[in-house]
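Asks: Sending over a structure as structure tokens; questions will come in a sec.
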Amino acid sequence: MEELVVWLLAAFGCSSLLVMVAERWTSRMNSMTELPQEHYRLLVHNSEQVLERAVRKLLFRSYWSGKPIRITLIEEGSTDDTPRMLAILTREPYGCGFGAADGQPELATGAIVIDLREKREGA
């Protein structure tokens, strides 16, 4: 009978220890998901050739560094298939947020601006 009581106490102690370790692990994981995001603003104009590659590079870098990112795509009246590419990229289920903005919004401080606009002749 005494052995049974000892085994029950040992099982209770081990299960309590496992619960405590699991709580610490989940609280640590929750604090890691609250990392500050890096914000990228991609300026695009007739940039269909380089847009997808640039977005995929940013996502790859985010995946390997472990830092969450947010990408804002700013379209400036393209005449090629860039608007269609933007529509596809904004509906893809990536781990970061996409926002398509029109016009010339003010560039927020702390955002990393990447200019993908096609260079115009004579400009």
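No value in this document is a laboratory result; all are computed from the given coordinates. Here the structure is a predicted model, which is why all the values come from computation and not from measurement.
Asks: Between rounded, prolate and oblate, where does the stretch 1-81 land on the alpha carbon gyration tensor, with a ≥ b ≥ c its root eigenvalues, rounded for a/c under 1.5, else prolate if a/b exceeds b/c? Don't skip to the end; give the middle numbers.
Replies: Numbers: a/c = 6.75, a/b = 4.93, b/c = 1.37.
Prolate, because a/c is 1.5 or more and a/b exceeds b/c.
Asks: Right, something else. Short version: ³J(HN,Hα) in whole Hz for each residue of the stretch 61-73, in order, from phi by Karplus 6.51 cos²θ - 1.76 cosθ + 1.60 (θ = phi - 60°), x for Gly and Pro, what are they?
Replies: Once rounded to whole Hz, the list reads 5, 5, 4, 7, 7, x, 9, x, 10, 10, 10, 10, 9.
Asks: Quick one: which residues, 5 or more positions from Val113 or on another chain, have an amide H under 5 Å from its amide H? H modelled 1.01 Å from N in the peptide plane, none for Pro or chain starts.
Replies: Sorted by chain and number, the residues that satisfy this are Arg41.
Asks: Mind listing the long-range amide H neighbours of Asp80? Cut-off is under 5 Å, sequence gap 5 or more, other chains count too, H placed in the peptide plane at 1.01 Å from N.
Replies: Asn46
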